[in-house]
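Reviewing the structure listed below.
The values are calculated or read from the model by the stated rules, or taken from the named source; none is laboratory data. The model shown is predicted, which means the values in this text are computed figures rather than measured ones. Virtual Cβ from ideal backbone geometry, glycine too; neighbours counted across all protein chains shown.
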Amino acid sequence: MKVKSTPLQDCYIIEPTVFEDDRGYFFEKFNEKTFEELTSQNGHFVQDNISKSSYGVLRGLHLQKGEHAQAKLVSCLEGKVLDVAVDLRPDSPTFGKWYSIELTAENKLQLYVPRGFGHGFSVLSKTAVFSYKCDNFYNKESEGGVLWNDSDLNIDWQLPKKDVILSEKDMVMPAFSKGNF
């Protein structure tokens with residue numbers, strides 16, 4: 001496993017060591033001890049989530065607030081997504097900055113999104129299956145987020161606006177300037 005820094009403080013790209021031969025491939029998707037040694041972050045995850053979405057679906061930007069805040073280790077198991085992390089920690093030197101990366105079934109990359117970050121993704125392939133490992137349990141009352149097309153953030157989701165498919169919740173998220181995080 002290799003860990004690469006992103007421009008955002010405490011947010012990392014995880015690249016597995018893949019062993020391939022004529023039968024296929026094998027890789028260790030997660031190892032708590034190695035993860036903690038390489039990132040200095042808590043690697044104890046308590047909940048795994050999977051979503052399947054079609055082209056144009058945009059999920060985000062979401063986070064859990066307060067005592068229910070969640071760090072996530074995310075990956076794409078099928079298809080291709082543009083994954084986006086936004087630092088929403090007011091005391092962070094990278095507050096208000098975002099980072100995006102293509103996660104695909106082929107590249108097998110993962111992104112570690114720390115607590116206090118907004119997170120979302122857009123589906124760039126016909127369908128995508130997305131995996132989230134979370135270090136805290138989901139709590140509906142602790143939901144927060146930022147509007148996906150907030151002009152202060154100016155995120156390029158790599159989708160034509162006419163193709164974006166949103167949930168009702170994502171259509172009415174507050175602006176970054178409202179600080180719902």
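For the stretch 104-114, the criterion of a residue being in contact with a Pro (Cβ under 6 Å, 6 or more places away or on another chain), surrounded by fewer than 23 Cβ atoms within 10 Å (Cβ to Cβ), at pLDDT 95 or above and not aromatic (Phe, Trp, Tyr) is satisfied by at least one position. Among residues of the stretch 19-48 being surrounded by 13 or more Cβ atoms within 10 Å (Cβ to Cβ) and hydroxyl-bearing (Ser, Thr, Tyr), the one that is farthest from the chain's Cα centre (by Cα) is 34. Candidates in the stretch 118-176 are the residues that are of a type in the set (Val, Ile, Thr) and in a loop (DSSP other than H, G, I, E, B); of these, the one that is surrounded by the fewest Cβ atoms within 10 Å (Cβ to Cβ) is 172.
Which ones in the stretch 121-148 are touching a helix residue (DSSP H, G or I) at 6+ places or on another chain (Cβ under 8 Å) and closer than 16 Å to residue 83 by Cα? Within the stretch 121-148, 145, 146, 147, 148 meet the criteria. Filtering the stretch 1-47 to residues that are part of a strand (DSSP E or B), under 17 Å from residue 132 (Cβ atoms) and either small (Gly, Ala, Ser) or touching a Phe, Trp or Tyr at 6+ places or on another chain (Cβ under 7 Å) (or both) leaves 12, 14, 47. How many residues are of a type in the set (A, V, I, L, M) and closer than 13 Å to residue 113 by Cα when one looks only at the stretch 35-89? Residues meeting the conditions: 10. Only one entry of 126, 140 meets the criterion of being without any contact (Cβ under 8 Å) to a residue 12 or more places away in the chain and either out of contact with any Lys or Arg (no Cβ under 8 Å at 6 or more places or on another chain) or farther than 21 Å from residue 10 by Cβ (or both), and that entry is 140.
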